[in-house]
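> Have a look at the structure that comes next, please.
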Amino acid sequence: MLNIYKTENHVLRELDEFEDGIWIKLTAPTQEEGHRVAEMFDIDFADIRAALDEEESSRISLEEGYTLILVDIPTPEIRHEKTAYTTIPLGILLTQDVIITVCNENTPILNYFIGRKVREFSTKKKMRFVYQILYRTAMLYQSYLRVIDRKRTEIEERVSGNTEDSDLIDLHELESTLVYFATSLRANGIVLERLQRYKRLPQYPEDMELLEDDIIENKQAIEMTSIYRDIIDGTRQLLSSILDNRLNNVMKYLTSITLVMAVPTVISGLYGMNVSEEWMPLAHTPHGFIIICGLTLLICLITMLILKRKKML
């Protein structure tokens, strides 16, 4: 999809044709749309398609007549029938006249500008627009990180209740997401550092202040990712220990029950042996069977009492 926007008198409106000072928004563009933009602004078609490759890493490429900026942005996805998060590339191409964004998905980062929620936004101030995009990217990372922490808290609250193996799997998914975030945020940090030395397009003091805010927010997102990874690792170890402890308790109870049940089994086994009955105690005693059953029950009760004192039951 190809959309063309331009701000006039601080109002963003959509256009039908190319002109100077516009923002071209390419969302999962077709080959025809990509070639049209590439030919119109003398851009290598491979650079337009670079943002559609999920394996592309964040970088800045200074080409003849334009600059390519690739950053990783967070996005939700369905993983194992549950909502999870990953990162995808967002391409920003800067020329002297226009700014072009390329993404494989319709991201809320760019929709934030289309919804006119950003103050002092202008498609003509290209560097400021870039820094505003990067600022919204860092803020979206932080927002998703807080969602991840809430999911971890929900799992942690079930520790004393019905903790299941699925909770460990969910924690692993959250930890995997944080690995993706940490890798992408570090790469974005390198891009931000290079932008501090970028001189191809004019920048105003307000732009540099916004870039410093971008760097601060990106570092904060990296720190949040590191902290949440450590917390999730601790929670996962806690859940694993609790599940192991519950298994040990079950084995302990089963062992105790086996010991108690072994008493009547041994006694009945002895009386069932093929030996002369004259050598068997209580063989000729009236009510001998009831007496033997009572003695067996007494021994079982004594055994249970001993196990209970040793906290085996």
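> Go through PHE129, PHE121 for me and flag whichever is open to solvent by 10 Å² or more (accessible area, probe 1.4 Å), among the aromatic types (Phe, Trp, Tyr) and within 18 Å of ASN3 (Cα to Cα).
Details: PHE129 fails: open to solvent by 10 Å² or more (accessible area, probe 1.4 Å).
None of the others qualify; the one that does is PHE121.
> Now a separate question. Take ILE4 and tell me if it is assigned to a strand (DSSP E or B), without any contact (Cβ under 8 Å) to a residue 24 or more places away in the chain and either under 24 Å from LYS117 (Cβ atoms) or of a type in the set (Phe, Trp, Tyr) (or both).
Numbers: assigned to a strand (DSSP E or B): yes; without any contact (Cβ under 8 Å) to a residue 24 or more places away in the chain: yes; either under 24 Å from LYS117 (Cβ atoms) or of a type in the set (Phe, Trp, Tyr) (or both): yes.
Considered against the rule, which asks whether it is assigned to a strand (DSSP E or B), without any contact (Cβ under 8 Å) to a residue 24 or more places away in the chain and either under 24 Å from LYS117 (Cβ atoms) or of a type in the set (Phe, Trp, Tyr) (or both), ILE4 comes out as yes.
> Mind listing just one residue for me: the one in the range 77-90 that is in contact (Cβ under 8 Å) with a residue 12 or more places away in the chain and out of contact with any Cys (no Cβ under 8 Å at 6 or more places or on another chain) and, of those, most open to solvent (accessible area, probe 1.4 Å)? Give the derivation first.
Pass one, the range 77-90, residues in contact (Cβ under 8 Å) with a residue 12 or more places away in the chain: 79-80, 82, 84-90.
Narrowing the set further to residues that are out of contact with any Cys (no Cβ under 8 Å at 6 or more places or on another chain) leaves 79-80, 82, 84-87.
Working: ARG79: 39, HIS80: 139, LYS82: 101, ALA84: 12, TYR85: 23, THR86: 28, THR87: 28 Å².
Only one residue tops the list, namely HIS80.
> Related question: Inspect the range 165-181 for any residue being surrounded by 14 or more Cβ atoms within 10 Å (Cβ to Cβ), assigned to a loop (DSSP other than H, G, I, E, B) and not polar (S, T, N, Q) and give the result as yes or no.
No.
> Can you tell me which of (1) open to solvent by 50 Å² or more (accessible area, probe 1.4 Å); (2) under 20 Å from MET1 (Cα atoms); (3) touching a helix residue (DSSP H, G or I) at 6+ places or on another chain (Cβ under 8 Å); (4) at pLDDT 90 or above is the one LYS25 doesn't meet?
In the conditions (1) open to solvent by 50 Å² or more (accessible area, probe 1.4 Å); (2) under 20 Å from MET1 (Cα atoms); (3) touching a helix residue (DSSP H, G or I) at 6+ places or on another chain (Cβ under 8 Å); (4) at pLDDT 90 or above, LYS25 misses (1) alone.
> With ARG186, ARG200 as the choices, which residue is open to solvent by 30 Å² or more (accessible area, probe 1.4 Å), assigned to a helix (DSSP H, G or I), out of contact with any Lys or Arg (no Cβ under 6 Å at 6 or more places or on another chain) and more than 23 Å from GLU154 (Cα to Cα)?
Just a single option satisfies the conditions, and that option is ARG186.
> So, one more: Looking for whichever is under 21 Å from ASN9 (Cα atoms), of a type in the set (Ser, Thr, Tyr) and assigned to a helix (DSSP H, G or I) here; the options are TYR144, TYR112. Which one fits? Outline the logic, then answer.
On the way: TYR144 fails: under 21 Å from ASN9 (Cα atoms).
The match here is TYR112.
> Shifting gears a bit: Just to be sure before I move on: is ARG128 farther than 22 Å from GLU56 by Cα and either in contact with a Leu (Cβ under 9 Å, 6 or more places away or on another chain) or not in a strand (DSSP E or B) (or both) in the structure I sent?
Considered against the rule, which asks whether it is farther than 22 Å from GLU56 by Cα and either in contact with a Leu (Cβ under 9 Å, 6 or more places away or on another chain) or not in a strand (DSSP E or B) (or both), ARG128 comes out as yes.
> Residue by residue through the range 130-169, note down the ones that are of a type in the set (A, V, I, L, M, F, W, C) and modelled with pLDDT under 90. Spell out how you get there, then give the answer.
Filtering the range 130-169 down to residues of a type in the set (A, V, I, L, M, F, W, C) leaves 130, 133-134, 138-140, 145, 147-148, 155, 159, 168-169.
Hits for the range 130-169 are ILE155, VAL159, LEU168, ILE169.
> For the range 34-66, how many residues meet the condition of being in contact with a helix residue (DSSP H, G or I) (Cβ under 9 Å, 6 or more places away or on another chain), surrounded by 12 or more Cβ atoms within 10 Å (Cβ to Cβ) and not in a loop (DSSP other than H, G, I, E, B)?
Result for the range 34-66: 13.
> Is at least one residue of the range 97-105 assigned to a helix (DSSP H, G or I), open to solvent by 40 Å² or more (accessible area, probe 1.4 Å) and of a type in the set (S, T, N, Q)?
Quick first cut of the range 97-105, residues assigned to a helix (DSSP H, G or I) only: none.
No: the range 97-105 contains no residue that is assigned to a helix (DSSP H, G or I), open to solvent by 40 Å² or more (accessible area, probe 1.4 Å) and of a type in the set (S, T, N, Q).
The values are calculated or read from the model by the stated rules, or taken from the named source; none is laboratory data. What you are looking at is a predicted structure, and each value in this text was computed from that prediction instead of being measured. In this analysis, Cβ positions are derived from the backbone assuming ideal geometry, glycine residues included, and neighbour counts consider all displayed protein chains. Surface areas here come from the heavy atoms of the whole protein model, side chains and all, with no ligands, DNA or RNA. Shrake-Rupley method; radii C 1.70, N 1.55, O 1.52, S 1.80 Å.
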